[in-house]
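Asks: Below you will find the structure I want to go over with you.
Values quoted throughout were computed directly from the atomic coordinates according to the rules given, and no laboratory measurement underlies them. No experiment lies behind these values; they were computed from the predicted model shown. All Cβ positions, glycine included, derive from the backbone under ideal geometry; neighbour counts span all protein chains shown.
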Amino acid sequence: MNYWLIKSEPSTYSWEDLVKLGRDHWDGVRNYSARNNLRAMQEGDLALFYHSVNEKAIIGIAKVVREHYPDPTTDDDRWLVVDFAPEGKLTRPVTLEEIKQHPQLTEMVLVNNSRLSVQPVQKDEFEVIVGLGES
DNA sequence: GCCAACGTTGGC
DNA sequence: GCCAACGTTGGC
C-alpha cells in the first residue's frame with residue numbers, strides 16, 4: 001500500500017470532474033518522473049488530489065482502481081495512464097501554505113519540487129494531511 | 001502577468 | 001555526451 005499526490009489545474013480537470021465521472025483515467029502526463037510514479041501505483045493505493053494554481057490546496061482523496069496501461073490519448077508508447085475513482089472529499093481543503101508551515105510536512109515533494117505532477121507521499125505525511133482535512 | 005525552476009530537445 | 005536554448009509549470 002503506497003500513497004501518492006496527483007496534481008491538476010482545476011480549470012483543466014478538477015476533483016468535481018472526477019466525482020462526476022465516477023472513475024477516469026489520468027492522462028496527459030509527459031514527464032518521466034511522473035510517469036515512473038504512475039507506473040509504480042498499485043490497485044488500492046490512495047492519492048491526495050491537489051488543485052494547483054488558483055486554489056493550491058488538497059481537496060480530496062482518490063483511489064487507484066486500475067493499474068497502468070498505455071495512454072489512449074497518444075500513439076507514443078512511452079506514456080501511460082492509471083484509472084482513479086474518488087475515495088472521499090476532505091471536510092475542508094488543506095492549503096499549500098498550511099503544508100509549508102507544518103513541521104511534519106517539510107520533506108514533502110510538494111514543498112520541495114512543486115512542479116512534479118505525480119509524486120510519492122510518505123504514510124505519515126498522508127495521515128497528517130488527512131488529519132488536518134478532517135479536523 | 002511575471003519569472004524562477006525545472007525538464008526536454010537538439011546542435012555540436 | 002555535453003550543454004545552450006527553449007518551453008512549460010506553478011507560486012507569487
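Asks: With charges only on Cβ, +1 for K and R and -1 for D and E, what is the dipole size of chain A about its Cα centre, in debye, rounded to 20?
Replies: The calculation lands at about 160 debye.
Asks: Let me ask another. A:Arg23 to A:Glu127: extension gain in nm, 0.36 nm per residue of separation minus the Cα-Cα distance? Walk me through the numbers before you get to the answer.
Replies: Values: separation 104, 0.36 × 104 = 37.44 nm, distance 2.36 nm.
Going from the current span to full extension adds 35.1 nm.
Asks: Lys and Arg at +1, Asp and Glu at -1: add these up for the other residues within a Cβ distance under 15 Å of A:Asp45 and post the number.
Replies: On the way: positive: A:Arg23, A:Arg39, A:Lys63, A:Arg66, A:Lys123; negative: A:Glu43, A:Glu67, A:Asp83, A:Glu87, A:Glu125, A:Glu127.
Result for the local shell: -1.
Asks: What area, in nm² and to one decimal, does the C-alpha convex hull of region A:1-83 cast on average over all directions? Please list the in-between numbers first.
Replies: Numbers: hull surface 20.7 nm².
Mean projected area of the Cα convex hull: 5.2 nm².
Asks: Same structure again: Would you pull out the residues with amide H under 5 Å of A:Trp79's amide H, same chain only if 5 or more places away, H placed 1.01 Å from N?
Replies: A:Asp71
Asks: Toward the positive end of the charge dipole of chain A, about the Cα centre and with charges on Cβ (Lys, Arg +1; Asp, Glu -1), which of A:Thr95, A:Leu80, A:His25 goes farthest?
Replies: A:Thr95
Asks: Another question, then. Could you give the dipole magnitude of region A:39-117 about its Cα centre, charging the beta-carbon of Lys and Arg +1 and that of Asp and Glu -1, in debye to the nearest 20? Don't jump to the answer; show the numbers that get you there.
Replies: Working: 9 positive and 13 negative charges, 71 e Å.
Magnitude of the dipole: close to 340 debye.
Asks: Can you tell me the FRET efficiency between A:Lys89 and A:Ser114 if r is taken as the Cβ-Cβ distance and R0 is 22 Å, rounded to the nearest 0.05? Mind dumping the intermediate values first?
Replies: On the way: r = 23 Å, r/R0 = 1.04.
With a Förster radius of 22 Å, E is 0.45.
Asks: Let me ask you something else. Can you list the residues, at least 5 places off or on another chain, whose amide H is less than 5 Å from the amide H of A:Tyr3, using H built in the peptide plane?
Replies: A:Val121
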